[in-house]
1. Would you please name the chymotrypsin sites (Phe, Trp or Tyr not before Pro) within segment 2-73 that are DSSP coil residues with at most 16 other C-beta atoms within 10 Å of their C-beta?
2. Per DSSP H run of at least 4 residues, take -39500 (n - 2.57); add these up for the chain, divide by its residues and hand me the 222 nm value, nearest 500 deg cm²/dmol.
3. What is the spin-label model distance, in nm, from V9 to I127 if the labels are put 7 Å beyond Cα along the C-beta direction?
4. Only sites in a loop by DSSP and with at most 11 other Cβ atoms within 10 Å count here; which trypsin sites (Lys or Arg not before Pro) in segment 92-165 make the cut?
5. Counting pairwise Cα distances across the chain, what percent come out greater than 26 angstrom?
6. Please quote Rg/Rh for segment 37-111 to two decimal places, taking the Kirkwood radius as Rh and restricting both calculations to Cα atoms.
7. Would you please name the trypsin sites (Lys or Arg not before Pro) within segment 32-78 that are DSSP coil residues with at most 15 other C-beta atoms within 10 Å of their C-beta?
8. Between segment 94-146 and segment 27-54, what's the alpha-carbon centroid distance in Å?
Amino acid sequence: MPDYRIFPVAIEIQIYAALLLKFFNQGLDERLRGQGERISSLQHAVLRILQYDTLTISEISQRLGLDPSTLVRAVDALERRDLARRGSDPHDRRRHPITITDKGLDLIQAVPEITAEDPTFQALESIGIEAATGLRDLLRELIQEFPEGKVVAELLSTMPPAGPG
């Protein structure tokens, strides 16, 4: 039997999660515009992943927990801007690995994921490292309860830590 007390909590968490995403993306969008690039936060996330590995749409979708069809337009736009490039696999004609271009790498290096001036960073800093780490750990635990969450959490744990500069 479901614990119906969870419903109002779940709704409130949905609202907070949507607001957090909005705040994170606003800061990122400002930094991207500062570099003269008009790419979406999704396109930026794809580039961030591609900086570590050449992947197919399917592999990127698994890492982001998104449907592959969601990524096709994002990758198309990155290709048009010469930020990423689709290749071909000589062993499998159906497979089209995607690589980040030098221009894409330059953009990723020029635009930090978060800065000390970012309102989200400042909000996390104001609650302190212990609370921020606890929040991260709770979010990780929650994400792992979703069908693709374990894969996403595992992949995130293998990525190099981001930091200033």
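1. For chymotrypsin sites (Phe, Trp or Tyr not before Pro) across segment 2-73 that sit outside H, G, I, E and B with at most 16 neighbouring Cβ atoms in 10 Å, the list reads Y4, Y52.
2. -19500 deg cm²/dmol
3. 1.6 nm
4. Those that pass, being in a loop and sparsely packed, are R93, R94.
5. 36 percent
6. For segment 37-111, the value is 0.94.
7. Counting only loop positions with at most 15 other Cβ atoms within 10 Å, the trypsin sites (Lys or Arg not before Pro) in segment 32-78 are R38.
8. 12 Å
Taken together, the values in this text are just the output of simple stated rules run on the coordinates, not laboratory data. Note that the coordinates shown come from a computational prediction; the quantities given were computed from them, not determined experimentally. All Cβ positions, glycine included, derive from the backbone under ideal geometry; neighbour counts span all protein chains shown.
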